[in-house]
Structures are given as C-alpha cells and as structure tokens.
1. So which residues in segment 44-73 are more than 22 Å from residue 167 (Cα to Cα) and either open to solvent by less than 60 Å² (accessible area, probe 1.4 Å) or hydrophobic (A, V, I, L, M, F, W, C) (or both)?
2. Considering only segment 313-389, give the helices (runs of 4 or more DSSP H) lying wholly within it that have at least 1 residues that are under 19 Å from the mean Cα position of the chain (by Cα).
3. Hey, among 365, 287, which residue is under 30 Å from residue 183 (Cβ atoms), touching a residue at least 60 places away in the same chain (Cβ under 8 Å) and surrounded by 16 or more Cβ atoms within 10 Å (Cβ to Cβ)?
4. Take the residues in segment 79-115 that are polar (S, T, N, Q), in contact (Cβ under 8 Å) with a residue 24 or more places away in the chain and not in a loop (DSSP other than H, G, I, E, B); name whichever of them is most open to solvent (accessible area, probe 1.4 Å).
5. Within segment 116-137, which residues are open to solvent by less than 50 Å² (accessible area, probe 1.4 Å) and of a type in the set (Ser, Thr, Tyr)?
6. Among the residues that make up segment 449-459, is at least one of them more than 21 Å from the chain's Cα centre (by Cα), at pLDDT 75 or above and open to solvent by less than 50 Å² (accessible area, probe 1.4 Å)?
7. Would you please list the contacts, defined by Cβ atoms under 7 Å and residues six or more apart or on different chains, that run from a residue in segment 299-324 that is of a type in the set (Lys, Arg) to a residue that is open to solvent by 40 Å² or more (accessible area, probe 1.4 Å)?
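The values are calculated or read from the model by the stated rules, or taken from the named source; none is laboratory data. Remember, it's a predicted structure, so these values are computed and weren't measured experimentally. We place every Cβ from the backbone using ideal geometry, glycine too, and count neighbours over all the protein chains shown. Protein only, heavy atoms only, side chains kept; ligands, DNA and RNA dropped before computing areas. Shrake-Rupley method; radii C 1.70, N 1.55, O 1.52, S 1.80 Å.
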Amino acid sequence: MKAMPWNWTCLLSHLLMVGMGSSTLLTRQPAPLSQKQRSFVTFRGEPTEGFNHLVVDERTGHIYLGAVNRIYKLSSDLKVLVTHETGPDEDNPKCYPPRIVQTCNEPLTTTNNVNKMLLIDYKENRLIACGSLYQGICKLLRLEDLFKLGEPYHKKEHYLSGVNESGSVFGVIVSYSNLDDKLFIATAVDGKPEYFPTISSRKLTKNSEADGMFAYVFHDEFVASMIKIPSDTFTIIPDFDIYYVYGFSSGNFVYFLTLQPEMVSPPGSTTKEQVYTSKLVRLCKEDTAFNSYVEVPIGCERSGVEYRLLQAAYLSKAGAMLGRTLGVHSDDDLLFTVFSKGQKRKMKSLDESALCIFILKQINDRIKERLQSCYRGEGTLDLAWLKVKDIPCSSALLTIDDNFCGLDMNAPLGVSDMVRGIPVFTEDRDRMTSVIAYVYKNHSLAFVGTKSGKLKKMPGTSLCPTLELPMGPRSYRAAVTLEVLFSSCSSN
C-alpha cells in the first residue's frame, strides 16, 4: 500500500502544538483577555491526592474528576459542586473474590482506591467510576449529585482488573436507541489471566442495580464476548501483559491502542530479546464472539530514527485545511499519537519523542488487505501471544468488504507489516506524554503535554500563550489539565 503524499511545510501550518502536565493541578482559562492579561483559574486537590481521569459533560460543561479516594464534580470555572468518597478501605490485592464477598485469610491493610476508569453514560445520566479496590469494582453515580445508584460486586464479571494503576483500564461505550448499551473494557491483567479477560464487551443495563449489569454480552460453554491471555503465553514471556493506552469507536468498529511485549531476534543474532510493540486492536461493535479481533503494529519514523513506544493518542477529524494537505475529506478520522524513541523501554521511555498522525481509513484498508489475503489461505494468523504457535490461514470463498466482521475461522488475526504514521513534530529533551486535538475554523489543532509539565505553542501561533506549570515532572497522562485548557484556549 502506497503512503499518502503530504507536504511538510503545509502540514505544520495547519497544526498548533502545545504541551503541559500535572497530575494534581487542574487549570482553566477564564473569560478571554488580552495576551498579556490572560490568567488561569486553578483547582488543587489534597496534597496526598493524585488526579487520575477527567471527563467533561458535553451538555452542561460540568467536569468530573477521578482522584485517589474521591470523585469530584466541578463547575466549568473549577468550583467544587459535589464530592463522593471512594476510599480508602481495608483490602488486600490477593483477596479474590474480594473480602466484601467472602472472608479473606490474607492480612488486610488500609488501601487507597485509585480511579482507573471514568466514563459518562449519557443515555442514563450516570457516571461509571471504576477503582482499584476489591479487584476493580465500579460505582454508578448520578451525574446531578454523585448519588450512588449501584455498585455491583457479587459476581466475577464485576471485577474488572486487580491492577493498581490508574492508566491500566480503558472503556468505550456503544449506545443504541432501543436496546441496552454495551461497554467494551480493555485492561492489563497483571499476571492473572484466569481472573480477568484482557478485553471484553459488557452489558450496561438501564437499571443500575440490575443483576445483569456488567455481564458479558454473550457467554456460553464455549464462546464468550471476551479474550483471555492464554497461560502458555507466560511460559514464553513471564511478565507478558497488554497495556492499553487509548480507546475509541468509529463507524462500525471499536478500537484500542496498546503496548505489548514480544520476543524478537535482533539482526544478525540467533538469540531473542524482549521489546515492546505498539499495536492498534480493532473489533466490530456487533461481534459477540470476538471473531473480528484484528491487531496491527503502528509506529513512526523520521530522519532514520524509529519512534515505536506509544505514549498517548487522540481521535479527531481532519478539518478542511489539513484534510486538503493529506488528501482526505474534512470529516475523515485522524489519530494524533505521541511515540517515544525505540522499543526497549516501557517504564523508562527515552526523552526523544514524536507527534505523528495516522489516517484511520488507511489503517482499515491495511486490515482489509490482510483479511483478504488470509481468507485466500496465505500466511499464518500471526498472533504469537494468543496462539503461541503458528496457525496457517484457511482458504474460503467469500467477499470481504470494509465492514467484514469475521467468522469462526482465521480469527483472531494479526497484521505483520507495521503501519507508519506521518511525523509532524519531534522533541529531543522534554518527552511528550499526552495529546488532544480538534478542528477550529477549518484548522486542525493539536495540543501536547510534556514530561516536565509545560504548555507550549509553536512559533507564529496566537491561540494560546506559552505556559510552564509549577508542578515539575508530574505529567502522568496530563489529560486532566489539558482537556480543560483545550476548550478555553481555542475559543479566542
């Protein structure tokens, strides 16, 4: 597949790049002021309290903030409206099922509840807040006052993940007009694949206390709406896990962007070493058996330097100006991504990083090509972590179009060739850690947050001032401050 031609100079002129970072400070610009007068309203949590996730109600502008041991509801000018305590409580990560279900013989200690997922269920006017306590159970809170509508915990489907990290779970809601919605959940499993599927689709019932809340969309003796990491995988890579960086839905599909360890042989070597590969995972929204599961490696390269460790991503539209440069329609989906250099360090990424753009249609076209070749009987399923051994593709006479959702053969499937993004901007010293983007007056604007907690702009732009936040290297995902700044900076 040929790469889409593009013009470096024109591309830069259509993008605004800013960065910032903080996990304990929330900032928003008030009413528009002149460039010199511009100031920011801030909200600070408790000194021991880290901010983990943020969502903004598109209808009211209210901000919901997931923190350690607390959920906040803030006004659009960052005034506290309501708080809801979620912890701490007595717990032990070895208690499965958790002690609130049955007696646990492990020693219990006072344990913080780290917010791992925060989603707005617009259809039922509720907030889904999932934490780290009790193997990852969730609360359903009323948007108006954060009153607890439900807290399912009595079935194994209610334990989403025992990983005690805020960036370990991603959820995507798929809504229907006349049916209950679905919740796609993707999570690291921390060596416990027997307890937690790495990816699954769950029921979102209208009644928050219904027995079927978070039940698998489909589950019988042989097939379920989930994928588990096989135990054989851990014999090859003992610390194997899939780390989910971002998730979204587009068209008929749900997507997750991941980091996965794998064993590769360096050029000229007969021994294998562990590296990390960034991959996009795609599933059909209506696929209850997960036969449509496909994953494709993604990365970026500029001036001979490989950027392969995904740090952050954000889905946006192309807009008229950038779309014209890329040769796509203004309403086509683009993935704005941040990668750090290399493949060998997940927890201690190198400071060299790149902002890259992927055209989602090009990724889907590459997946369709791979599906077509596999159903012609070419190659293997190429999904080492799931199949452990090479399984050849099987031939079948059928038409595979853009919306093909798989059969109970040739699935799940991996794409071997990496899809490369378009490098837009690189940073060698202050690693980019987050990104957000949108279209403003036909221009596509991209904002990035950095490791040291800085908000920057490209030379020659005037939508947002250059800003350095005082929190130091506490960027984490930086989306907490970034998303609020994003809406106000672009309004001028």
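1. 61, 62
2. Details: elements: 320-326, 360-374, 384-387.
In segment 313-389, 360-374 are the helices (runs of 4 or more DSSP H) which contain 1 or more residues that are under 19 Å from the mean Cα position of the chain (by Cα).
3. 287
4. Residues of segment 79-115 polar (S, T, N, Q): 83, 86, 92, 102-103, 105, 109-113, 115.
Now narrow it down to the ones that are in contact (Cβ under 8 Å) with a residue 24 or more places away in the chain: 83, 86, 111-113, 115.
Then drop every residue that is not not in a loop (DSSP other than H, G, I, E, B), which leaves 83, 111, 115.
On the way: 83: 71, 111: 34, 115: 6 Å².
Looking at the filtered set, the residue picked out is 83.
5. Our first condition is that a residue be open to solvent by less than 50 Å² (accessible area, probe 1.4 Å); within segment 116-137, this holds for 116-121, 124, 126-137.
Correct list: 132, 134.
6. Yes, segment 449-459 contains at least one residue that is more than 21 Å from the chain's Cα centre (by Cα), at pLDDT 75 or above and open to solvent by less than 50 Å² (accessible area, probe 1.4 Å).
7. If the second residue must be open to solvent by 40 Å² or more (accessible area, probe 1.4 Å), the pairs left are 308/343; 317/330; 317/331; 317/439.
Matching residues to (1) among the β-branched types (Val, Ile, Thr); (2) within 20 Å of the chain's Cα centre (by Cα); (3) closer than 30 Å to residue 142 by Cα:
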site: 202; (1), (2), (3): no, yes, yes
site: 211; (1), (2), (3): no, no, yes
site: 234; (1), (2), (3): no, no, no
site: 275; (1), (2), (3): yes, no, no
site: 278; (1), (2), (3): no, yes, no
site: 296; (1), (2), (3): yes, yes, no
site: 299; (1), (2), (3): no, yes, no
